[in-house]
Amino acid sequence: MNIHEYQAKELFTEFGIPVPAGKAVQNVEQFQAAVDSISGEKIVVKSQIHAGGRGKGTFTDGYKGGVKVVDSKEAALDAGKAMLGNTLVTHQTGPKGREVKTVYFTEASAIAKEYYLAILLDRENSQPVFIASTEGGMDIEKVAAETPEKIARIHVDPAGGLHPFHKRAVAFALGLTTKEQLKQMDKLLTGLYDLFWAKDCALVEINPLITTPEGDIVALDAKVNFDSNALYRHPEIVALRDLGEEDPKEIEASKSGLSYIALDGNIACLVNGAGLAMATMDIIKHFGGNPANFLDVGGGANEQQVTEAFRIILSDPNVEGILVNIFGGIMSCKTIALGIIGAAKNVELNVPLVVRLEGNEVKEGKKLLDESGLKLTSADSLADAAKKIVELIQK
Ligand code: GDP
Ligand code: MN
């Protein structure tokens, strides 16, 4: 789960990571008060969307820059008005872009140098890792591809926790080695590690982290991503969730305890288990098709959940065919069959449907489907199912 920059910066403040003062607002009436609350003439006006690359982004009406550093309060109001309600396209939003519903006004900082600093989970050795680079403010993927030697990785053994030597290693990798800089980095890195650990983050990224001409180290941008599997222990984080930034179908699915992932093809996949979902998508691709989504009903879905799953995948206008691929373990094929029949009663099934059932109570499941009078194509194997759905949508 992602949150907005202004929310991430509130967490930064809570954990002692320095950020510029600012105010986030959702409507124009609040602009003046927000701008007046900022000291100094220079103000940064920042579009709040769940995507990076805002500075270099362009709005659909041609207005350039989702992050603007301006010289006066009047210019800040104008920039805010240009952004609010407008749709920002960045290299991370896709061509459709994202509507800006919140504008964040912050104090402007003078920049001596920009750095990149992040902490994330290294899945290869199961340890948190700091990623630090002197090439801040840039696309870190580009730095990794072109000048990988400019990226330092400092692992922290979670059993031992964060030690002063880790923090010194990060500070030295960034060349922040004066006594004063080491002192500031010590506090900042402690906060960063504690935040990452305490809130079950998957990623905390500061790009750019800056030094000011006065010698202060400040986080100018903030991105925090949380491990969704741990959200149950952080109601305060769930409260920060902005449903407006998420795919409505994914939200509906999660309400029913299902996981739905939108893709850009035309074949909907209803499966049980993430591994089977991957295999199903691979084999659809192998036979020349393209998945529109996959909906994982998990191990223990009931009939209502399966019906809901069908309703969700059919609400996607790109869907031209459905492939149901179930391997019944705990899940009974009978439940799936009843769910499909239930769904067909409530929603019109106007696209080809291929069903492959295997495993627990498969005979009973197939019998139910046969007797239902539903128009569907049965398949015997995964390959057979994929081949059939690809053929059917080409007709
Ligand atoms: P992003 O483009 O979505 O990553 O948004 P950022 O918050 O990183 O802002 C983009 C760029 O705007 C930064 O890399 C900085 O170069 C610049 N910027 C942001 N805030 C300030 C500021 O307070 N002062 C100055 N001089 N530049 C800023
Ligand atoms: Mn940034």
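Do any helices (runs of 4 or more DSSP H) lying entirely in the stretch 215-290 carry at least 1 residues that are surrounded by 16 or more Cβ atoms within 10 Å (Cβ to Cβ) and modelled with pLDDT of 95 or more, and which ones are they?
Details: elements: 235-238, 248-255, 274-286.
Because the criterion is at least 1 residues that are surrounded by 16 or more Cβ atoms within 10 Å (Cβ to Cβ) and modelled with pLDDT of 95 or more, the helices (runs of 4 or more DSSP H) in the stretch 215-290 that meet it are 235-238, 274-286.
Residues in the stretch 198-214 that are of a type in the set (A, V, I, L, M, F, W, C), more than 21 Å from TYR104 (Cβ to Cβ) and surrounded by 16 or more Cβ atoms within 10 Å (Cβ to Cβ): how many?
Our first condition is that a residue be of a type in the set (A, V, I, L, M, F, W, C); within the stretch 198-214, this holds for 198, 201-204, 206, 209-210.
From what is left, the residues that are more than 21 Å from TYR104 (Cβ to Cβ) are 198, 202.
So of that shortlist, the ones also surrounded by 16 or more Cβ atoms within 10 Å (Cβ to Cβ) come out as 202.
Number of matching residues: 1.
Does at least one position in the stretch 356-367 carry a residue that is closer than 11 Å to ILE267 by Cα, modelled with pLDDT of 90 or more and not polar (S, T, N, Q)? Full working, then the answer.
Taking the stretch 356-367 first, the residues closer than 11 Å to ILE267 by Cα are none.
No: zero hits.
Take GLY53 and tell me if it is away from ligand 2 (no atom under 16 Å from the Cβ) and either assigned by TED's automatic domain parsing to the domain that holds THR190 or not hydrophobic (A, V, I, L, M, F, W, C) (or both).
Values: away from ligand 2 (no atom under 16 Å from the Cβ): no; either assigned by TED's automatic domain parsing to the domain that holds THR190 or not hydrophobic (A, V, I, L, M, F, W, C) (or both): yes.
No.
Can you pull out the residues in the stretch 217-233 that are among the charged types (D, E, K, R) and either within 16 Å of ligand 1 (Cβ to nearest atom) or at positive phi (or both)?
Filtering the stretch 217-233 down to residues among the charged types (D, E, K, R) leaves 221, 223, 227, 233.
The answer is ASP221, LYS223.
Looking at the stretch 56-82 only, could you name the residues that are assigned to a loop (DSSP other than H, G, I, E, B) and either away from ligand 1 (no atom under 11 Å from the Cβ) or over 24 Å from the mean Cα position of the chain (by Cα) (or both)?
Taking the stretch 56-82 first, the residues assigned to a loop (DSSP other than H, G, I, E, B) are 56-57, 60-63, 65-66, 71-72.
Once the filter is applied, which keeps residues that are assigned to a loop (DSSP other than H, G, I, E, B) and either away from ligand 1 (no atom under 11 Å from the Cβ) or over 24 Å from the mean Cα position of the chain (by Cα) (or both), the stretch 56-82 yields THR60, ASP61, GLY62, TYR63, ASP71, SER72.
When only residues in the stretch 1-37 that are within 16 Å of ligand 2 (Cβ to nearest atom), not aliphatic (A, V, I, L, M) and not in a loop (DSSP other than H, G, I, E, B) count, which is nearest to GLU236 (Cα to Cα)?
Restricting to residues being within 16 Å of ligand 2 (Cβ to nearest atom), not aliphatic (A, V, I, L, M) and not in a loop (DSSP other than H, G, I, E, B), the top hit is GLN7.
Quick check, is GLY136 surrounded by fewer than 20 Cβ atoms within 10 Å (Cβ to Cβ), in a loop (DSSP other than H, G, I, E, B) and not assigned by TED's automatic domain parsing to the domain that holds GLN26? Don't jump to the end; show me each part of the working.
Details: surrounded by fewer than 20 Cβ atoms within 10 Å (Cβ to Cβ): no; in a loop (DSSP other than H, G, I, E, B): yes; not assigned by TED's automatic domain parsing to the domain that holds GLN26: yes.
Judged against the criteria, GLY136 is not a match.
The values are calculated or read from the model by the stated rules, or taken from the named source; none is laboratory data. Not measured: the values here are computed from a predicted model. Every residue, glycine among them, receives a Cβ derived from its backbone with ideal geometry; neighbour counts consider all protein chains shown.
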